[in-house]
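Participant: Below is one structure. I have some questions about it.
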Amino acid sequence: MSDNLKLASLELAGLISGKSNNHNRINELKSILTYHPGQPSGNGVKDDVERIGIYKATMINGEKHFERDIEAQHYFGIWPKVNTIPPKKKGKHRIVMFGESVARGLFYEPYYAPPVILEEILKKCHSEDTEVIDLAVSSVGPDQILDLCKRAFGLEPDTYVIFAGNNWKGIGVTEEDLDAIMASIGSGKINYEKIKQILGNAVQHFADEFFSKLSALTSGKKIDLLFIIPEYNLMDYKTSVVQKDVSFVDVNTHEWLEVKTKTEKAFEEGDLEKVKMLSEKLLSLNPLHSLAYEWLAYCSLKEGKNDEAREFLEQARNNTMFSLKRTTPGINNVTRKAIIASAAKYNFPTLCLKEVFSEHLKGNLPGRELFLDYCHLTTEGIKISMSKAADRLVQIWTGKNISPEALRDYKISADPAILAAAHFCAALHNAHWGQGHEIINHHCRQALDSHGETIKAMTSYLDMISRKAPWLVNKETHYLKNSNFGKQIAGGINIEMESFKFNDIVFVESILQAMKEKGIHLSEKIEDLRQSEYAIGTSKVDLLQTYYLPSTFDSLVSFNYRETSFYVENGSRSNFHFVTSDKLPIEIDLTYRTPNPAKADEKIEVYVNDDLFTALPQEKNWKSISLKIPQKYFKKGMNNLRIHWPVPLTNDVVHTEDKMKDLILALTPSWGEIHTFYCRQLLN
Amino acid sequence: MNVIGISAYYHDSACCIIRDGELIAAAQEERFTRIKHDPALPVNAFKFCLKQADLSIDKIDAIAYYEDPVKKLSRQLWCGADYFNEAFTHKMDPSKPEREIREILGFGGKIEFVDHHLSHAASSYYFSGFKSAALLTMDGVGEWATTTYGIAKDRSIDLFEEVHFPDSVGLLYSTITSYLGFGVNSGEYKVMGLAPYGEPLYIDKLYELIQLKEKGQYKLNLEYFDFIRGNTMFSGKLAELMGQPVRKKESELLKFHLDVAKSLQVVLEQILLEKAKYLHSVTGEDNLCMAGGVALNCVANGKLLREGPFKKMFVQPASNDAGGALGAAAHAYAKHSGNNIKSAPLRSVFLGPEYTNADIRNLLDATSLNSVSYETTEEMQKATAQRLAKGKVIGWFQGRMEFGPRALGGRSILADPRNPEMRDRINAMVKKREAFRPFAPAILEDKTKKYFDLSHSSPFMLETCQVVSEESLPAITHVDKSARVQTVNEKDNPCFAGLLAEFEKLTGCPILLNTSFNVRGEPIVCTPADAFLCFVNTDIDCLVLGNTIIDRENNNMEDLVNMVKSIIKRKKRTLNHDVYTFI
């Protein structure tokens, strides 16, 4: 090795690590070090196999089939359960349907997926020679749909149907947009209008680009196209547990929290006038939060003002697009309008389910008769949407409509066991996305009413969720995996998440309640199981393990967002749950800090089961303390320990190469952090 | 004073903790994440170490990191990496270790960067128990150094000579490993195991690849290598020189491959012996401390001790990069406290997590399997020994997990070494690996001389010796009559020693075949659940978890096996083993 080269590399490494601005010298050293011939050739292996997602082209008897590639089996769960896509037969009219989980018919798939139903309707009402190829994929984004559209030419399609829009949150945001948003949050006061405008423009721009690319892609291909725009379950709309907290931190946050507390009280007391007044105040403090709109919608519905309620609920949905925390997927009005405008610009026909459902419901708001959860459709929702889609397609192909009578006659004869499993899956999905008890209970009851097998599925789930053992080794998992529940759940839970244990309190309580109503009493058994598996004993238990953290999936995902080895709270409250007896006091070892200071006199409040236990000082650096909590604070079974953090005064504005991360840190700063959180019983 | 040691971002990331001079805990991140050789910042191992030491982050005085990122970057730049290309920037960012230690681990205190080979040297010397010693470290590459020579005395280490990248004995070994169709950073053991089947017919050719120079130096002939910037370890010229094409992975092993493996082993031993003689002549020390990946070549270690100039030798049991965490922490502790490491000489590497019988009971209650729980450890040992004597293969999960690549009776697969079919059976049906690979014996320490040509204890399975047993031990005797012995005593490894004693009572043989509790391509098991899944996914006859035994023959496991196999297959994640990732 040449010593000169080594010296040059050492000097360059020193300049880089010292973030030197001496660009001349850096360039000089770089040129010295480029003596090696050639560049690394890279590990990329050229893939010359024709693929469409998980499918790869295979020649069988001289004909091209697309078969599921075993190498892609990790992704099978989010794709249709179809092994082979055969070559198109002569005389067939082939529709390829792309879309997201709604298009997959989540929780009914593989039995009543929209592509299956669309094919049935078209065969019955139009022509037996129509077939629909299902290429809907859970969680797919718009760019992936475009890619699939390109690859699917290999299927010899006559028509494309794209059923999408639920996964378009955050699309089209450029680095320049992020810079502009960052600039709008300076001096501690967020410019909400500016953010709204930037993100709104980004969505419109993205939609334009999407349809422009789609137009270029399909140009000259003689492929008809229909874009179906989904709708949202407005009647059951609930701001999730995570979303209910502060969204962005600025000078108004303190007041926003105070008004929110007052509104919650007024809501509990049924004082709707006060709720309305306070909600307006909340919106003046933070117009991009959903909660106030949800409350206003509730008031409007109570007053029978459906149109006003729709507007408020759509505003609430719109505001989820501004959230940096995890939100339920789903269309909003901004995206819907952008899609309609852009599709029209490029002459693509659209079918807007908002209009379809509104017409079907005669102006009433869509709810659980059409939706299983926030956006996934019931069999009724699938039937209505696909009937209308079939009608539009026939109109596109022939200029004529299907006879209304024929469409009216079409029925999905649903198997009760499949319906039961779908309701159970919907209950679980609603629970894991922080939705209210009422909708979860509704689906639990529906599941039990639909089919007797639900009792076994629910009992198995309770066992599986209440034990520490990885789901994979649990004997109940085997039953669940092979039941309708296991087959239809795709995407809802993942039994392969061996180490990801959480308490699932809301869902477990809903199941127990629904079972109890049927005369099945399992509460005691589950309590015993929790005590045996998770109870705080005399050995230290780490309350930062996922089991003891908040009970909803979205909360847990939010917790993991920053990928730290310690707990970072980017909201005002931290909730922990643990199982104990009420027999002995408990000692807690806590190492915490509040890196972003609040007002000097504000304290960190620790509540045990809603009783204030102690208030701790803010600490800039890690501080370890030991708390001895008398047994009178505890109850036998599940207990809650809640920490109220004071509002950080400053936005932690940093500028790194990762602009999105900078923005997240600035808008959702850390309120408090916990490094150690051990809990154990004291033997008096 | 409390110090945490970390190695990360290359392969085998790990974390350890020294509390007031005592090594309390150490673990590799792969055991928690289940990604073999996981290079990520060892977040899980870090949390485990703090908990095990009963310390919170504010009680940690320093974090010692096992290499110097700026020096490392200079070597990467020399290799031709385009730092200014965005794709590389994140990977090579020299501020990444400090930034992530601050941001991800939340540590605000002192971070000490200890050179890679100094970490290796310290990991051996500070835990050797020697007052003074000569130091020899050898691996693929650290920052620039690939081999270092040094001397240590009274807590002070002086590495007085280095061989620099790209000249590297470790990379020579890895290159031939890759040429023979095995993975870099994972297949070197296989080549060592293959060597005794061959003849040293290619020594001359291999010396075309490396030229020994004066003092501690040597030079690689880079015409035959392509690891600096290529996607393979070797250039096209290597195959020309050797007269045979590169062996395809999993293809048939020919006599040629065996002969090359043997030749490589001989060349390595010759280089080690010559350089050890040089080191001895310079330092005049009787004790030798070794570390670095090359020090895991137990065959060479044994030869070095038998034929070399040093009277005593200590090889750090986790000599690979994982052990760098240990050395960095020990170095920082000794430097700042002025005290010795209390855990020296290192007597045990049971430094990982442990689980209670209640944890195990809860796990098994969730499953559909029948099991037997014993009141006492002695009863469990007897019952296990009976099964071993009947020819059963046992998955053995006891106490704390080992640190380093060897299973030493905490997370082991055990069998009767006298059974002539056992080696093939375990290789094929249990470990799912190549048929030629040998297994190691564990023996009660006071019985060693009767069975092996070994005059001292070997608790970490780091050297080989000849089998001198009158009784045939086919399952653990390699083709050249050698064995990689682990000696076990009651004081340091009581549960395993108890089992060996029970087995001896039943059979008259105080030896068991001992191999790591994992299957090919997966890390050694860490938790009872990992052990359970490994048991389900292999042909192990009995699983012993603490005081509980599960017998495969007493259970219908078909459904469970099918589900676990399908899911494990889908989850498999691996790293690139075609080339060292220098950039």
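The values are calculated or read from the model by the stated rules, or taken from the named source; none is laboratory data. Keep in mind it's a predicted model, so treat the numbers as computed, not measured. Ideal geometry is used to build each Cβ from the backbone, glycine not excepted, and the neighbour counts take in all protein chains shown. Protein only, heavy atoms only, side chains kept; ligands, DNA and RNA dropped before computing areas. Shrake-Rupley method; radii C 1.70, N 1.55, O 1.52, S 1.80 Å.
Participant: What residues of segment B:50-68 lose no less than 50 Å² of accessible area with every protein chain in place versus their chain by itself (probe 1.4 Å, heavy atoms only)?
Facilitator: Checking the loss per residue gives B:Lys51, B:Ile57, B:Asp58.
Participant: While we're on this one: In nanometres, what is the gap between the two model label sites at A:Ala535 and A:Lys632, each 7 Å from Cα along Cα-to-Cβ?
Facilitator: It is 2.4 nm.
Participant: Pick out, from A:Tyr592, A:Gly141, A:Thr656, the residue whose Cα sits farthest towards the positive end of the charge dipole of the protein assembly as shown, with +1 on the Cβ of Lys and Arg and -1 on the Cβ of Asp and Glu.
Facilitator: A:Gly141
Participant: Compute the accessible area per residue over segment B:388-465, keeping the other protein chains in place, probe 1.4 Å, unit Å².
Facilitator: I get 33 Å² per residue for this part.
Participant: For B:Asp61 and A:Asn27, FRET efficiency with R0 = 30 Å and r from the beta-carbon atoms, rounded to 0.05?
Facilitator: The calculated FRET efficiency here is 0.10.
Participant: To the nearest 0.05, what FRET efficiency results for A:Glu193 and A:Ser139 with a Förster distance of 35 Å applied to their C-beta separation? Don't skip to the end; give the middle numbers.
Facilitator: Working: r = 31 Å, r/R0 = 0.90.
Between A:Glu193 and A:Ser139 the formula returns 0.65.
Participant: Taking only protein heavy atoms into account and a 1.4 Å probe, give the accessible area per residue of segment A:324-437 in Å².
Facilitator: Values: 4240 Å² over 114 residues.
Spelled out: the 1.4 Å probe surface of segment A:324-437, per residue, equals 37 Å².
Participant: Let me ask another. Send over the per residue convex hull volume for segment B:370-429, Cα only, as a whole number of Å³.
Facilitator: In segment B:370-429, the Cα convex hull volume per residue is 114 Å³.
Participant: Another question, if that's okay. Can you pull out the trypsin sites (Lys or Arg not before Pro) in segment B:478-551 that DSSP calls coil and that have at most 14 other Cβ atoms within 10 Å?
Facilitator: Within segment B:478-551, the qualifying trypsin sites (Lys or Arg not before Pro) (loop, at most 14 other Cβ atoms within 10 Å) are B:Lys481, B:Lys491, B:Arg520.
Participant: In addition: To the nearest 20 Debye, how big is the dipole of chain B about its Cα centre, given +1 on the beta carbon of each Lys and Arg and -1 on that of each Asp and Glu? Spell out each step's value before the answer.
Facilitator: On the way: 69 positive and 74 negative charges, 85 e Å.
The calculation lands at about 400 debye.
Participant: Can you give the convex hull volume per residue for the Cα atoms of segment B:357-569, as a whole number of Å³? Show your work: numbers first, answer last.
Facilitator: Values: hull volume 24.1 nm³, N = 213.
Once divided by residue count, the hull of segment B:357-569 is 113 Å³.
Participant: Put +1 on the Cβ of each Lys and Arg and -1 on the Cβ of each Asp and Glu in segment A:541-681; which of A:Ile643, A:Trp671, A:Thr564 then has its Cα farthest toward the positive end of the dipole?
Facilitator: It is A:Ile643, whose Cα lies furthest towards the positive end.
Participant: Would you work out the charge dipole size for chain A about its Cα centre, treating the Cβ of every Lys and Arg as +1 and the Cβ of every Asp and Glu as -1, and quote it to the nearest 20 debye?
Facilitator: Values: 82 positive and 89 negative charges, 101 e Å.
Dipole magnitude for chain A comes out near 480 debye.
Participant: List the pairs from A:Lys169/A:Lys501; B:Lys205/B:Lys262; A:Lys516/A:Lys632; A:Lys92/A:Lys388; A:Lys274/A:Lys302; A:Lys196/A:Lys262 whose alpha-carbon separation is above 18 Å, in the order I gave them.
Facilitator: From A:Lys169/A:Lys501; B:Lys205/B:Lys262; A:Lys516/A:Lys632; A:Lys92/A:Lys388; A:Lys274/A:Lys302; A:Lys196/A:Lys262, over 18 Å: A:Lys169/A:Lys501; A:Lys516/A:Lys632; A:Lys92/A:Lys388; A:Lys196/A:Lys262.
Participant: Can you pull out the buried accessible area for chains B and A, both sides counted, probe 1.4 Å, rounded to the nearest 100 Å²?
Facilitator: Summing both chains' loss of accessible area gives about 4700 Å².
Participant: Right, here's the next one. Could you check the simple spin-label distance between B:Arg520 and A:Thr398, using points 7 Å along Cα→Cβ, in nm with one decimal?
Facilitator: 6.1
Participant: Assuming a viscosity of 1.002 mPa s and a temperature of 20 °C, what translational diffusion coefficient in µm² per second does Stokes-Einstein assign to segment A:359-454, Rh being the Kirkwood radius over Cα pairs?
Facilitator: 143
Participant: A further question on this structure: In nm, give the distance between the simple-model label positions of B:Glu161 and A:Asp208, each being 7 Å from the Cα along the Cα-to-Cβ direction.
Facilitator: Result: 7.1 nm between the two label points.
Participant: When the C-alpha atoms of segment A:591-683 are aligned to their principal axes, what extent does each axis show, in angstrom, from largest down?
Facilitator: Extents along the principal axes, in whole Å: 52, 27, 22.
Participant: Here's another thing I want to ask about it. Using every Cα-Cα pair within segment A:416-529, state what percent have a distance larger than 18 Å.
Facilitator: The answer is 44 percent, as a whole percent.
Participant: A:Asn364 to A:Leu612: FRET efficiency via 1/(1 + (r/R0)^6), r the Cβ-Cβ distance, R0 45 Å, to the nearest 0.05? Please list the in-between numbers first.
Facilitator: Working: r = 45 Å, r/R0 = 1.00.
My answer for the efficiency is 0.50.
Participant: Computing the accessible area with a 1.4 Å probe over protein heavy atoms, can you report the carbon and sulfur percentage for segment A:416-529?
Facilitator: The value for segment A:416-529 is 52 percent carbon and sulfur by accessible area.
Participant: For the modelled label position 7 Å from the Cα of A:Glu657 along Cα-to-Cβ, which residues of segment B:53-78 have backbone nitrogen atoms closer than 19 Å?
Facilitator: The answer is B:69-78, whose backbone nitrogens lie closer than 19 Å to the label point.
Participant: Follow-up. Could you list log10 I(q)/I(0) for the protein assembly as shown at q = 0.09, 0.10 Å⁻¹, which the Debye formula gives when each Cα is one point scatterer?
Facilitator: Taking Cα atoms of the protein assembly as shown as identical point scatterers yields -1.32, -1.53.
Participant: To the nearest 20 debye, what is the magnitude of the charge dipole of the protein assembly as shown about its Cα centre, counting +1 on the Cβ of each Lys and Arg and -1 on the Cβ of each Asp and Glu? Before the final figure, lay out the partial values.
Facilitator: Details: 151 positive and 163 negative charges, 181 e Å.
Roughly 860 debye, rounded to the nearest 20.
Participant: Past 26 Å, Cα to Cα, is the threshold; run B:Lys96/B:Lys219; B:Lys131/B:Lys190; A:Lys189/A:Lys281; A:Lys475/B:Lys190 against it and keep the listed order.
Facilitator: Check vs 26 Å cut-off fails for B:Lys96/B:Lys219; B:Lys131/B:Lys190; A:Lys475/B:Lys190.
Participant: For a test of the definition: using alpha carbon positions, the gyration tensor, and the 1.5 limit on a/c, classify chain B as rounded, prolate or oblate.
Facilitator: Rounded, because the longest to shortest axis ratio a/c is under 1.5.
Participant: Work out which residues of segment A:636-684 lose at minimum 50 square angstrom of accessible surface when the other protein chains are put back, relative to the chain isolated, with a 1.4 angstrom probe, and list them by number.
Facilitator: A:His675, A:Tyr678
Participant: Ok, one more. Principal axes first, then extents: for the Cα atoms of chain A, list largest minus smallest coordinate on each axis, whole Å, largest first.
Facilitator: 84, 81, 53
Participant: Report the gain in length on full extension from A:Ile60 to A:Lys221: 0.36 nm times residue separation, minus Cα-Cα distance, nm rounded to one decimal.
Facilitator: This chain segment gains 55.4 nm when fully extended.
Participant: In whole percent, and with a 1.4 Å probe on the protein chains, what portion of the accessible area of segment B:164-315 is carbon and sulfur?
Facilitator: Roughly 50 percent, rounded to a whole number.
Participant: Ok, one more. Once you wrap a convex hull around the alpha carbon atoms of segment B:164-315, what is its projected area averaged over all directions, in nm²?
Facilitator: Working: hull surface 34.8 nm².
Its Cα hull, projected and averaged over all orientations, spans 8.7 nm².
Participant: May I ask which residue of B:Tyr197, B:Pro309, B:Met233 lies farthest towards the positive end of the charge dipole of segment B:164-315, with charges of +1 (Lys, Arg) and -1 (Asp, Glu) on Cβ and the Cα centre as origin?
Facilitator: Sorting the options by dipole projection puts first B:Pro309.
Participant: Give the Kirkwood hydrodynamic radius (Å, one decimal) of segment A:241-320, defined as one over the mean of 1/r across all pairs of different Cα atoms.
Facilitator: Numbers: mean 1/r = 0.0800 Å⁻¹.
Taking every pair of different Cα atoms in segment A:241-320, averaging 1/r and inverting gives 12.5 Å.
Participant: Segment A:604-634: which residues show an accessible-area loss of 10 Å² or more, assembly versus chain alone, 1.4 Å probe?
Facilitator: Residues passing the criterion (a loss of at least 10 Å², heavy atoms only) are A:Trp622, A:Ser624.
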